[in-house]
1. Quickly rank 23-31, 45-53 as a protection proxy: mean count of other C-beta atoms within 10 Å, highest first.
2. Calculate the FRET efficiency for T6 and Q62 from the Cβ-Cβ distance with a Förster distance of 22 Å, rounded to the nearest 0.05.
3. About the Cα centre, and with charges only on the beta carbon of Lys, Arg (+1) and Asp, Glu (-1), how big is the dipole of the chain? Nearest 20 debye, please.
4. Determine, for S93, S37, the number of other Cβ atoms within 10 Å of each Cβ, and report the residues in order from fewest to most.
5. Go ahead and run the numbers for FRET between S33 and V13, Cβ-Cβ distance against an R0 of 25 Å, rounding to 0.05.
6. Please order E77, E101, E39 by the number of other Cβ within 10 Å, starting at the fewest.
7. Quick one: 3J(HN,Hα) in Hz for the range 79-96, Karplus 6.51/-1.76/1.60 with θ = phi - 60°, rounded, Gly and Pro as x.
8. Using only DSSP helix segments of four residues or longer, with each worth -39500 (n - 2.57), what per-residue ellipticity at 222 nm results for the chain after dividing by its residue count and rounding to 500?
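A short reminder: the numbers here are calculations on the coordinates, not readings from a lab. The structure presented is a predicted model; accordingly, all values stated were derived computationally and were not measured. Note that we place each Cβ from the backbone using ideal geometry, even for glycine, and neighbour counts take in every protein chain shown.
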Amino acid sequence: MIAGITIYELLTVTSILFFIGIYGFITRKNLISILISVELILNASVINFVVINKYMYPDVLQGVLFSIFIIAVAAAETALAVSIIFNLYRQISSVEVKDIETMKY
């Protein structure tokens, strides 16, 4: 595949990244940490697209194009989420999930 690295090793790494992201999303109480966990999940899916595309169709770049699209959407999502987190911090001086749940609208 890629210089002695098999597809099983690459998919194992992406599975580990994905489940670290899931674990972080479920257990974290800070909005920034939750956002980082979502980014880990998206990056694992991007790597999966590229690896599976390279394995199945080495001459076609569809997996790479999907990956670029996912990266662009993730960048826009991150910018929007960070701006929302900044506004919440200005209102309640905290980025903890428990403080947002008790916020008065």
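1. Highest mean packing first, the order is 45-53, 23-31.
2. After rounding, the FRET efficiency stands at 0.50.
3. Dipole of the chain, to the nearest 20 debye: 260 debye.
4. In order of increasing Cβ crowding within 10 Å: S93, S37.
5. 0.70
6. Ordered from fewest to most neighbouring Cβ atoms within 10 Å, E77, E101, E39 come out as E101, E77, E39.
7. 4, 5, 5, 5, 5, 5, 5, 4, 5, 5, 5, 5, 7, 10, 6, 7, 10, 8
8. -27500 deg cm²/dmol
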